[in-house]
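Before I ask anything, let me first share the structure, which is written out below as structure tokens.
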Amino acid sequence: MSNKEVVLSGIRATGNLHLGNYYGALSKFVKMQNDYDCLFFIADLHALTTNPDPDALHENVKNILAEYLAAGIDPEKATIFVQSDVPEISEMYLLLNMHVGIGELLRTASFKDKARKQLGSEPPALTTISRSRSSARTPTSASTPACSPTPPSWPSTF
């Protein structure tokens, strides 16, 4: 067993890699593989949120693997794997997902950004929370809840 620190990182399989991927991640992956125990993955599960076409996804996974190798990642020095090939990742996702509420997600910039892009507007829960906070200041009777937010009508991908 090595005494090197471990690095785990991956790139979503949403299409061909570009200069931003190379300068932002791949060039650093190539340098790190000599000094760290590196685990680099192709994030095909993460890509499902924006690219659910199975044929395109499988093609993208193969292309990104080829691009990892072409950029200089050496499989003798670093481990390269596909995210969906490790069942524990999906199991961990399920367990963690059970403990994260919509309130926590709505404080996450990346979640709000994806919701805006997918829906073309502010997620309904954001506006519901704003209304709920203002209505919570309004006196109500004991039998009426201070707020009764309507459930968001988001697409099934959320």
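Between Leu39 and His99, how high is the FRET efficiency from 1/(1 + (r/R0)^6) when r is the Cβ-Cβ distance and R₀ = 30 Å? Nearest 0.05.
On the way: r = 25 Å, r/R0 = 0.82.
Taking R0 as 30 Å, the efficiency between Leu39 and His99 is 0.75.
If you don't mind, there's one more thing I want to ask. Can you list the trypsin sites (Lys or Arg not before Pro) in region 1-90 that are in a DSSP coil and have 12 or fewer other beta carbons within 10 angstrom? Mind dumping the intermediate values first?
Values: sites: Lys4, Arg12, Lys28, Lys31, Lys62, Lys77; in loops: Lys4, Lys77.
Listed in order of number, the matching sites are Lys4.
Would you mind ranking Met32, Met98 by Cβ crowding within 10 Å, fewest neighbours first?
Met98, Met32
Relative to the present Cα-Cα distance, how much length would full extension add between His18 and Lys62 at 0.36 nm per residue of separation? Write out the running numbers ahead of the final one.
Numbers: separation 44, 0.36 × 44 = 15.84 nm, distance 1.55 nm.
Gain on extension, His18 to Lys62, equals 14.3 nm.
Only Lys, Arg, Asp and Glu count, each charged at its Cβ (+1, +1, -1, -1), so figure out the dipole size of region 29-106 about its Cα centre, rounded to 20 debye.
Details: 3 positive and 13 negative charges, 33 e Å.
Value, rounded to 20: 160 debye.
If each residue's Cβ is checked for other Cβ atoms within 10 Å, how do His46, His58, His18, His99 rank with the fewest at the top?
Numbers: His46 17, His58 13, His18 10, His99 7.
Result, fewest neighbours first: His99, His18, His58, His46.
FYI, it's all coordinate maths here, none of it is from the lab. What you are looking at is a predicted structure, and each value in this text was computed from that prediction instead of being measured. Don't worry about glycine lacking a Cβ; one is built from the backbone with ideal geometry, like all the others, and counts go over all protein chains shown.
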